[in-house]
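Below is a structure I'd like to ask you about.
Values quoted throughout were computed directly from the atomic coordinates according to the rules given, and no laboratory measurement underlies them. Just so it is clear, the model here is predicted, and its values are computed rather than measured. Neighbour counts run over all protein chains shown; Cβ positions are idealised from the backbone, glycine included.
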Amino acid sequence: MAVRHFLDISSLDHATLRQIIDNAHLMKAAGKHVPAKLKPAGIEDTQLAMIFEKPSTRTRVSFDVAMRQLGGQTLVLMSEDLQLGRGESISDTAKVLSRYVDAIMIRANSHDTILALAEHGSIPIINGLTDHSHPCQIMADVQAFEEHRGDIKGRTIAWVGDGNNVAVSWMHAAVRFGFNLRIGCPVQLKPTQAALDWIKAENGNVTITDDANEAVKDADCVVADTWVSMGDKDGPWRKQVLGPYAVDDKLMALADKDAVFMHCLPAYRGDEVTASVIDGPQSIVFDEAENRLHAQKAILAWCLGV
Ligand code: CP
Ligand code: NVA
């Protein structure tokens, strides 16, 4: 079997992604005791290394618990404690870790780091967030949307705010799962040209507007994220240009009456979203957070051969 990496939603085909989401629903229904047919063979002898170049609460804890519930084991490695932090090459690190562990989940500053690990290592690499994308989050989010609103195919999702790493994974998902994505963002904070070019090449239903109202109108789901991502150095400027993109009750009222509100967390109430929205009846943010556990069990199982 070829090594199965989970680098981006755009790197996998629809059938594989659909199967992972369907298995995530089964994982959730089964709870802590994963059914044998969803467990990779030999999982009890399987080690997952988790490398962090940036902080994390959800990714770290949910991957750790997911691997344990599958029956495997984990090691948490902070990059500053590795020789990687002192300049050892990614290719040497990939080759060495491939001799010890069976898979790596990494949260990296640069997307190039995960690509290099995948190129030089011989074990599955899982993207736990980079400057480019956050695919595990969006798998959990698709699962959460479907629990509340049914099949995501053909539906309309509105992203409001910075066209950042999380937005890029929503763009990838729009193509692979067949939904419409409307991105409302300031012109200065549009998604990367690479992501826009990919959407064009794939003929995806993704529209970009600088008008938050237009993005949200009649949408089935409104999504926000922090205005200042990890590593962003221009916080005050971002808060200024993103001010008109705050999700409040007035903006939510423009969406479909049954629309859900999503946010990957951590959230900053009073900036990108009001407390009335994120703590209100349309919010499903804690279901998204919970689903990181279930979706990642399904992702790990797929990477390890299910
Ligand atoms: N949403 C998310 O990835 O959260 P953490 O940064 O806490 O992992
Ligand atoms: N866009 C945010 C997501 C955090 C989970 C960041 O990169 O910091």
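For a quick check, take a GNM of the chain with Cα springs below 10 Å and name the residue from Gln282, Gln143, Gln83 with the largest mean-square fluctuation.
Gln83
Near the amide H of Asp8, under 5 Å away, which other amide H atoms are found, from residues 5 or more places off or on another chain, if H is placed in the peptide plane?
Those lying under 5 Å, H to H, from Asp8: there are none.
Between Asp248 and Tyr268, what is the spin-label point distance in nm, taking each point 7 Å from the Cα along the Cα→C-beta axis?
1.8
Order these peptides, 188-199, 112-123, by their mean beta-carbon neighbour count within 10 angstrom, highest first. Walk me through the numbers before you get to the answer.
On the way: 188-199: 16.3, 112-123: 19.5.
The most tightly packed comes first, giving 112-123, 188-199.
OK, next. With bins 10 Å wide starting at 0, give me the P(r) of region 103-183 over every alpha carbon pair, in whole percents.
In order of increasing distance, the bins hold 18, 43, 28, 11, 0 percent.
In whole angstrom, how long is each semi-axis of the equivalent ellipsoid of the chain, when you take the square root of 5 times every eigenvalue of its Cα gyration tensor and sort them from largest down?
31, 22, 17
For Met27, Met67, what ranking results if the residue with the fewest other Cβ atoms within 10 Å of its Cβ goes first?
Lowest to highest Cβ neighbour count: Met67, Met27.
Another one. So, in nm, how far is label Gln19 from label Gln73 when the simple model puts each one 7 Å beyond its Cα toward the Cβ?
Going by the 7 Å Cα→Cβ label model, 2.9 nm.
Report the net charge of residues surrounding Thr274, where surrounding means a beta-carbon distance below 14 angstrom and charges are Lys +1, Arg +1, Asp -1, Glu -1.
Values: positive: Lys250, Arg269; negative: Asp248, Asp249, Asp271, Glu272, Asp279.
Every neighbour counted, the sum reads -3.
Moving on to the next point. If you add up the charges near Ser110, with Lys and Arg at +1 and Asp and Glu at -1, over every other residue whose beta carbon is less than 9 angstrom from its beta carbon, what do you get?
So the surrounding residues net to -3.
Still on this structure: Could you tell me the center-to-center distance, by alpha carbons, between region 54-127 and region 134-174 in angstrom?
Centre-to-centre distance over Cα atoms comes out at 25 Å.
Please turn the phi angles of region 295-306 into ³J(HN,Hα) values with the Karplus equation 6.51 cos²θ - 1.76 cosθ + 1.60 (θ = phi - 60°), one per residue in order, whole Hz, x for glycine and proline.
Each residue of region 295-306 in turn: 5, 6, 4, 5, 5, 4, 4, 5, 4, 9, x, 6 Hz.
While we're on this one: Whole-Å semi-axes of region 1-85's equivalent ellipsoid, largest first, each the root of 5 times a Cα gyration tensor eigenvalue?
Taking √(5λ) for each Cα gyration eigenvalue gives 24, 17, 14 Å.
Here's something else I'd like to know. Could you give P(r) for region 1-159, binned at 5 Å from zero, as whole percent values over all Cα-Cα pairs?
Percent of pairs per bin, in order: 2, 8, 16, 21, 21, 15, 10, 5, 2, 0.
Which lysines, if any, have their Cα less than 17 Å from the Cα of Lys297, not counting same-chain residues under 8 positions apart?
Within reach: Lys28, Lys32, Lys37, Lys39.
Pull out a ≥ b ≥ c, the square roots of the eigenvalues of the alpha-carbon gyration tensor of region 131-227, then state rounded if a/c is under 1.5, prolate if not and a/b is larger than b/c, and oblate in the remaining case.
Since a/c stays below 1.5, the shape of region 131-227 is classed as rounded.
Which angle from 0 to 90°, rounded to the nearest 10, does the C-alpha axis of helix 14-30 make with the longest principal axis of the chain?
Orientation of helix 14-30: about 80 degrees from the principal axis.
From Cα pairs below 8 angstrom and at least 6 apart in sequence, can you work out the relative contact order of the chain, rounded to a whole percent?
Once divided by the residue count of the chain, the mean separation gives 22 percent.
What full-extension length gain, to one decimal in nm, is calculated for Ala41 and Ser276 as 0.36 nm per residue of separation minus the Cα-Cα distance?
80.0 nm
On to the next question. Per residue of region 238-251, what does 6.51 cos²θ - 1.76 cosθ + 1.60 with θ = phi - 60° give for ³J(HN,Hα)? Whole Hz please, x for Gly and Pro, Karplus curve as stated.
With the stated coefficients, region 238-251 comes to 4, 4, 6, 6, 8, x, x, 9, 5, 8, 10, 4, 5, 5 Hz.
Next question, about the same structure. Around His25, with a cut-off of 10 angstrom between Cβ atoms, what is the net charge of the other residues, counting Lys and Arg +1 and Asp and Glu -1? Walk me through the intermediate numbers first.
Values: positive: Lys28; negative: Asp22, Glu146, Glu147.
Local net charge: -2.
Treating the beta-carbon of each Lys and Arg as +1 and of each Asp and Glu as -1, no other charges, what is the dipole magnitude of region 100-236 about its Cα centre, to the nearest 20 debye?
Dipole of region 100-236, to the nearest 20 debye: 160 debye.
Turning to a different aspect of this structure: Could you tell me, in Å, what Rg and Dmax come out for the Cα atoms of region 245-306?
Over region 245-306's Cα set, Rg and Dmax evaluate to 14.9, 47 Å.
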